[in-house]
Amino acid sequence: MRILLIHPNYHSGGAEIAGNWPPAWVAYLTGYLKAGGYTDVHFVDAMTHHLDDEAVRARIAELQPDIVGLTAITPAIYKAEGLLKIAKEVNPAIVTVLGGIHGTFMYPQVLKEAPWIDAVVRGEGEQVFLNFVRAVDDGSWARDRSTVLGVAFNGADGTVVATAAEPPIQDLDRIKPDWSILEWDKYIYIPLGVRVAIPNFARGCPFTCTFCSQWKFWRDYRIREPKAVVDEIEDLVNNHGVGFFILADEEPTIHRKKFIAFCEELIARGLPAKVQWGINTRVTDILRDEKLLPMFRQAGLVHVSLGTEAAAQLKLERFNKETTIEQNKKAIRLLREAGIVTEAQFIVGLENETAETLEETYQMARDWNPDMANWAMYTPWPFSDLFQELGDKVEVFDFEKYNFVTPIMKPDAMDRAELLDRVMNNYRRFFMNKSFFQYPWEKDKFRRKYLMGCLKAFLKSGFERTFYDLGRVGYWGPQSKKKVDFQFADQRVHERPDPAAIAAADEGWVTMHGPKIEMRRKKGEDIAAAALAAIGAIETAQASSSTSASACGGGGQLSDDEADAALAHRPSAAAD
Ligand code: B12
Ligand code: SF4
């Protein structure tokens, strides 16, 4: 059974400008397939190699696989659908499968617009895909597809069928990734000029931010044994020459005990001399771990990207972010004092954005003084809660542009080109200031090198016109505002997904958050209350701040025992 995995050639000039990034999904799926006895696995990274459709067609024809699997985040969906069609054209006997977040929730639409897709794998892929491959191999897929859990497909009568969800893999260490499937010399992180990897420590998130869907995707929060993760990192460093990694996790720090053990293990094995790393995490975890930040830095943690999200408390509440502006500012200061590079993420471009609120985010960024700042365009994932709340305010359904850099929403107070221009104005002012007055003068040699490396990546993407997709939309500065064309594909604009259909598609997709959402609705919030109490306890103990956190649920500040208990207390439905 020959399996070919393909990463589609989609680019949009956001985070990817820092280099070429290895697709972690391929390593995790391949490792699991191989452990399950399927060793004839191949991979084509069309994104990194910028392969056009014909080049991928040639590779498929050359490899003659039995199964072709594509991944798709929302903006890459049309590319993925197109490549699966090509696989069928090369050989109609090829079984085509789509995995990743978009198909997980949007499978009714995907199967309708791309009926050549034989199966959509929903959610966590390893076990479902292995079962699927086995079913194709033993012929049961052709006989009775509905025996495979966690998939969706077009039924014989033309209706879309989704089988019951596969339980999330509780022991993530059972998944042994095969990193050797990747061509490592291609994956270079520009700021440090070294190979980069994206290993997974934890999956899932106990929070329920309204603009995000990662918590729904993984359904349950699970975390690996720190020693096993460090074994994996040691393998990446020693056998694949990796010098930098980011954790793929939504929330690597929430399980404090394990995160500390992870850092200690890296230090004990002398790895920080060979590999540095970065994470995305929550502001509240940084505050909780104030005293540990120097140890994290010693373990090689050099870059923390914080979902500070918005300069206005109102927005934070709308996002259900469960953090405060004051917390954001303090977290950045603490990280900076520990020698860690900080990156603040702002989400802009909702319908109520104005020139003033955009200016406010700039002033906030200057005031908080992170090393880097990002202004991401709000992107209404059709399977997120905020999307439902926005209703018909979302008018654009060309998912290819759902990429954090294209203004999908039109603010009431300005047009999309003006929004882009104002965001660019924020970037220009912020980074001009940093490049003249901060980066070259950094006293810490490593921070200086790192920040100058980031600047190099920015300049490279600016020069190549790939930053923020500016070349494609024709933005050359304020003077070009009137000529900017976001190229929304008209035929996709009117295809508004029906919320009822989305709800029906999600039926049976049970997550650990059900009780939390229910509790929030009733203003009960006992998880949030426990977290609040813990914040209160920490803040009283530290006597360091007069600000009380307004809300934080999901265990961000739970003690180790509380965190263990909360995680062990998943609703049984989470495991279906
Ligand atoms: C690392 C990362 C990147 C890397 C990409 C590395 C790479 N080549 O894959 C970089 C920095 C380049 C990047 C860029 C972007 N990213 Co990104 N990224 C992530 C991040 C942090 C981790 C992804 C990851 O590796 N996870 C670990 C793996 C194991 O999980 P996974 O990919 O979901 O795969 C599992 C399942 O989905 C499934 N599966 C996946 N594919 C397949 C295929 C088959 C056949 C099967 C059977 C199963 C299967 O099985 C896997 C194992 O369980 C996520 C957020 C997060 N915490 O997950 C955002 C995330 C995926 N990114 C996102 C976005 C929007 C982008 C950008 C558009 C933003 C931008 N403009 O820069 C670009 C697009 C780049 C591109 N061309 O694809 C969004 C996607 C949301 C959505 N609904 O589509 C996410 C979820 C972040 C978010 N805040 O919402 N990203
Ligand atoms: S903290 Fe919020 S934004 Fe981050 S992964 Fe969790 S739900 Fe998403």
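Read the figures in this text as sums done on the coordinates, not as results from a lab. This is a predicted model, so every value here is computed, not measured. Glycine gets a Cβ as well: all are built from the backbone with ideal geometry, and neighbour counts include every protein chain shown.
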*Taking trypsin sites (Lys or Arg not before Pro) as exposed when DSSP calls them loop (any state but H, G, I, E, B) and at most 10 other Cβ atoms lie within 10 Å, what is the longest stretch of the chain free of them, the sites themselves excluded?*
1-442
_Charge dipole magnitude, Cβ of K and R +1, D and E -1 - segment 40-195, Cα centre, debye nearest 20_ = 260 debye
_Neighbourhood net charge (13 Å Cβ-Cβ; Lys/Arg +1, Asp/Glu -1) for Glu464_ = +2
*For the chain, what is the calculated [θ] at 222 nm in deg cm²/dmol (nearest 500), taking -39500 (n - 2.57) for each run of four or more DSSP H residues and dividing by its residue count?*
-12500 deg cm²/dmol
*asked:* Need the full-extension length gain, Arg429 to Lys186, defined as separation in residues times 0.36 nm minus the C-alpha distance. One decimal, nm.
replied: 84.2 nm
*Please report how far the C-alpha centroid of segment 24-91 lies from that of segment 429-443, rounded to the nearest whole angstrom.*
42 Å
*Work out the FRET efficiency for Trp441 and Glu113 from their Cβ-Cβ distance, taking R0 = 41 Å, and round it to the nearest 0.05.*
0.20
*asked:* Report the gain in length on full extension from Val161 to Glu395: 0.36 nm times residue separation, minus Cα-Cα distance, nm rounded to one decimal.
replied: 81.4 nm
*If you take the Cα Rg of segment 3-162 and divide it by 2.2 N^0.38 Å, with N the number of residues, what do you get?*
0.97
*Kindly provide the pair-distance distribution of segment 187-483 built from C-alpha pairs, with 10 Å bins from 0 and whole-percent values in order of increasing distance.*
6, 26, 35, 25, 7, 1
*Counting other Cβ atoms within 10 Å of each Cβ, which GluC sites (Glu not before Pro) in segment 325-368 have at most 15 and sit in a DSSP loop?*
Glu351
_How large are Rg and Dmax for segment 25-71 when calculated on the C-alpha trace, in angstrom?_
11.6, 33
*Unit charges at the beta carbon, dipole of segment 187-483: most positive-side option, Leu390, Gly477, Val348*: Gly477
*asked:* What's the magnitude of the charge dipole for the chain around its Cα centre, counting Lys and Arg as +1 and Asp and Glu as -1 at the beta-carbon? Answer in Debye, nearest 20.
replied: 1520 debye
*Quote to one decimal, in nm, the extra length available between Ala413 and Glu356 on full extension: 0.36 nm per residue of separation minus the C-alpha distance between them.*
19.5 nm
*Taking the convex hull of the alpha carbon atoms in the chain, what volume per residue do you get, in Å³?*
146 Å³
*Which distance in nm do the two modelled labels at Gln388 and Ile267 give, with both placed 7 Å along the Cα-to-Cβ direction?*
4.5 nm
